[in-house]
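So the structure is just underneath, and the comments pick up after that.
Please treat every number below as a calculation from the coordinates, not as lab data. Everything numeric in this text was worked out from a predicted model, so none of it was measured. We place every Cβ from the backbone using ideal geometry, glycine too, and count neighbours over all the protein chains shown.
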Amino acid sequence: MSVVPVAPPPESADPAATPAAAPAAAPRRDLGLLLVPPQARSGWRVVLARITAMCVVELQKLRHDRTELYTRAVQPALWLLIFGETFTRIKAIPTNGIPYLDYLAPGIIAQSAMFIAIFYGIMIIWERDSGVLTKLLVTPTPRAALVTGKAFAAGVKAVIQALVVVVIAALLGVALTWNPLKLLGVAVVVLLGSAFFSCLSMSIAGIVLTRDRLMGIGQAITMPLFFGSNALYPVSLMPGWLQAVSKANPLSYEVDALRGLLIGTHAHLVSDFGVLALAAALGVACASALLGRLAR
Amino acid sequence: MTQSESTTTTTADPGDPSEAVVCTGLEYSFGQTKAVDGLDLTVRTGEVFGLLGPNGAGKTTAIRSITTLLPVPSGMVRVFGHDPAKRQMQVRRMLGYVPQQLSADGGLTGRENVSLFARVFDVPRRERAARVAQAIAAVDLTDAADRLAKTYSGGMVRRLELAQALVSAPRLLVLDEPTIGLDPIARTSVWECIDEVRAATGMTVLVTTHYMDEADQYCDRVALMHRGRIRALGTPEQLRTEVGEQLELAEPPTLDDVFRHFAGSGLANATENEGEFKDVSRTRRTASRVG
């Protein structure tokens, strides 16, 4: 790990670093713009600009390396292909006449989006350790704007992931809607849900402060959130106490909305959107309050 | 140095325009450990000021207090007349900060890394590309701008971070151990970049370092910090002469000797500090990232 400059180090291959190249650069470059500080934005425009900045970064990273997109598609594909196909044959779960695979698909979309978001805090801790977060915290970005930006960035990633699962489901013969308005609604639902779960993750990151602990907690809560929701089976099948858990679980509202939009089951869209928006807002508030702990 | 007039906001007390940073009795503790213990410090506008000291001396804590990262009570710090405790955003707008770790995002290209900071400093879209290009040119990375930052060498990452800090035209550039873990050639190239940009923009530079030769060569004034306080302050020349006379040395001492004179006795005890281990592990992490 130590730098032993016996052989010419990599830096010397870089022309700017070699002293010989210095005189050639005698007429200095134009630095005119670097003398004028940019005009400050204010109010909601700051939040909007930061959300855009964070989402752009997320998309740029995804463009440079799409591996994650493919590897993350494996698990939902297996859920649909193995679990879904098997339970469609068993017909053990009453779904009001809908093929089980169709019933399951929106649940798996929500689940795969949640799995991405729930570990988003690990990235925040990595960014803290590597100094990226520290640097962002010294920019004119209020904590809440930074968290909102990160939450939306996680949401954008999840929406792209959801798109992949939608395509897989369609290939498996699930009768999905192709109504563009409804699909837009699907994107908004996934975005809000992921914003909430990523904020939950960032809040836990702010409390536990290390990756290992966050990994453990993340793994401990994903399964209860998943099985304690209506993603795999109707809530009416659950024992009373689990129904209560499901009622308090934002994932249930996400699945309910997705099911209503994608395969046209009876859904409570207004309350679903309301609960998800409220959960996301609470998540942002909580995570921004705890973010400062990562800076210390 | 005309920029100082253009950026002072009318609402704030401008303070003394010749003072970029003023710390008055700055204190900060991590639990039982007093990392900074009554620091008094003035950085003059336009100078390169070096904060020197052994690991655990409180340099990084001082820097983090000035850059609004630590919640410091009001009245202890002023940056161009603004109190970071009260006017966080105004202070941040004037800062360019490069932390100790190599903090460019490896998953993005050099240009995208700088562009992110142009966005979060509200650079309007119409001038973003040009400004980003100028910042990249200022650190001689134009040819590598569209490569992923993870392919950069340590020295290039540091220069990229300088570009990230410069893109918002800061009045105060804060560098925490900018050359740590770099080989001598990369160290020189980083310092040359800092020097050139300072000459071109007239910005104030506050830098911490362990490398006395660098401080001697590139800093206008230095402060030796030990156990949370300033132990000596002046131009490198002044400190060398002073200590030379005090010790009645035949030859003028180097800044290394000066450093040892003020901090040497306490170095053994520095390990008691909690900050020490954190510092070392962070330094190692940086060094291993540099390879």
May I ask you to sort A:Phe227, A:Phe115 by Cβ crowding, counting other Cβ atoms within 10 Å and putting the fewest first? A:Phe227, A:Phe115
Of all DSSP beta bridges located in chain B, what percent are antiparallel, nearest 5? 50 percent
Taking N as the residue count of the stretch A:64-103, its alpha carbon Rg divided by 2.2 N^0.38 Å gives 1.54
Dipole axis of the stretch A:69-295 (+1 Lys, Arg; -1 Asp, Glu on Cβ), positive-most option in A:Ala117, A:Leu251, A:Leu232: A:Ala117
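Give me A:Lys150, A:Lys157 sorted ascending by neighbouring Cβ count inside 10 Å, so fewest comes first. List each step's numbers first, then the result.
Details: A:Lys150 32, A:Lys157 24.
With the sparsest Cβ surroundings first, the list reads A:Lys157, A:Lys150.
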Taking the 0 to 90 degree range and rounding to the nearest ten, how far is the long axis of helix A:250-263 tilted relative to the main principal axis of chain A, both from C-alpha atoms? 70 degrees
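How long are the semi-axes of the ellipsoid equivalent to chain B, from square roots of 5 times the Cα gyration tensor eigenvalues, in whole Å, largest first? All intermediate terms of the calculation are to be shown ahead of the outcome.
On the way: eigenvalues 179, 105, 72 Å².
Semi-axes (√(5λ), whole Å): 30, 23, 19.
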Show log10 I(q)/I(0) for chain A at q = 0.10, 0.12 Å⁻¹, two decimals, from a solvent-free Debye sum over equal Cα scatterers. -0.63, -0.83
Charges on Cβ only, +1 for Lys and Arg, -1 for Asp and Glu, centred on the Cα centroid of the stretch A:69-295; of A:Thr134, A:Phe152, A:Ile93, which one is farthest towards the dipole's positive end? A:Thr134
Can you work out the PRE-style zone for B:Asp37? Point 7 Å along Cα to Cβ, and I want the residues of the stretch B:44-85 with backbone N under 14 Å. B:56-59
Of B:Thr209, B:Gln164, B:Val243, farthest towards positive along the dipole that unit charges on Lys, Arg, Asp, Glu beta carbons give the stretch B:106-253: B:Gln164
For B:Leu173, distant residues with modelled amide H under 5 Å away: B:Gly96, B:Thr204, B:Val205, B:Leu206
Which value, in debye to the nearest 20, describes the size of the charge dipole of the stretch A:69-295 about its Cα centre when Lys and Arg Cβ atoms bear +1, Asp and Glu Cβ atoms bear -1, and nothing else is charged? 320 debye
Do the alpha carbons of any pairs in B:Lys34/B:Lys86; A:Lys247/B:Lys86; A:Lys91/A:Lys182; A:Lys157/B:Lys86 sit beyond 31 Å of each other, and which pairs? A:Lys247/B:Lys86; A:Lys157/B:Lys86
When DSSP assigns beta bridges and you keep just the ones with both residues in the protein assembly as shown, what percent turn out antiparallel, to the nearest 5? 50 percent
Note, the stretch B:214-230: 3J(HN,Hα) by Karplus (6.51, -1.76, 1.60, θ = phi - 60°), whole Hz, Gly/Pro = x, goes 5, 4, 4, 7, 10, 9, 6, 9, 10, 10, 8, 10, 8, 6, x, 9, 7
In order over the stretch B:180-190: 3J(HN,Hα) from phi, Karplus 6.51/-1.76/1.60, θ = phi - 60°, whole Hz, x for each Gly or Pro, gives 5, x, 9, 6, x, 5, 5, 4, 4, 5, 5
Residues meeting the amide H criterion for B:Thr109 (H placed from the backbone, H to H distance under 5 Å, 5 or more places apart or on another chain) are B:Ala149
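How large is the translational diffusion coefficient of the stretch B:79-139 in µm² per second when you combine the Kirkwood radius over alpha carbon pairs with Stokes-Einstein at 20 °C and 1.002 mPa s?
Working: Rh = 13.3 Å.
Stokes-Einstein gives a translational diffusion coefficient of 162 µm²/s.
Taking the Cβ of each residue in B:Val48, A:Val159, B:Val190 as the centre, tally the other Cβ atoms inside 10 Å and list the residues starting with the fewest. List each step's numbers first, then the result.
Values: B:Val48 22, A:Val159 17, B:Val190 26.
Lowest to highest Cβ neighbour count: A:Val159, B:Val48, B:Val190.
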From Cα pairs below 8 angstrom and at least 6 apart in sequence, can you work out the relative contact order of chain A, rounded to a whole percent? 24 percent
Along Cα→Cβ, 7 Å out, is where each label goes; now give me the distance between the ones at A:Asn96 and B:Thr151 in nm to one decimal. 5.4 nm
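Rounded to the nearest 500 deg cm²/dmol, what is the calculated helix-only ellipticity per residue at 222 nm for chain B, with -39500 (n - 2.57) per DSSP H run of length n ≥ 4?
Numbers: 11 runs with 120 residues, N = 291.
So the helix-based figure for chain B works out to -12500 deg cm²/dmol.
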Rounded to whole Å and sorted largest first, what semi-axes of the equivalent ellipsoid does the C-alpha gyration tensor of the protein assembly as shown yield via the square root of 5 times each eigenvalue? 51, 24, 22
With labels modelled as points extended 7 Å from the Cα through the Cβ direction, what inter-label distance (nm, one decimal) is found for A:Ala289 paired with A:Leu209? 1.9 nm
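Give the calculated FRET efficiency between B:Gln217 and B:Leu249 to the nearest 0.05, with a Förster radius of 30 Å applied to their Cβ-Cβ distance.
Numbers: r = 21 Å, r/R0 = 0.70.
Between B:Gln217 and B:Leu249 the formula returns 0.90.
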Checking the a/c ratio against 1.5 first, then a/b against b/c, what shape does the Cα gyration tensor give for the stretch B:141-192? oblate
Work out the length of the dipole vector of the protein assembly as shown about its Cα centre, built from +1 on the beta-carbon of each Lys and Arg and -1 on the beta-carbon of each Asp and Glu, and round it to the nearest 20 debye. 2280 debye
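Mind giving me the FRET efficiency for A:Leu269 and A:Asp30? R0 is 60 Å, r the Cβ-Cβ distance, nearest 0.05 is fine.
Numbers: r = 55 Å, r/R0 = 0.92.
So the FRET efficiency works out to roughly 0.60.
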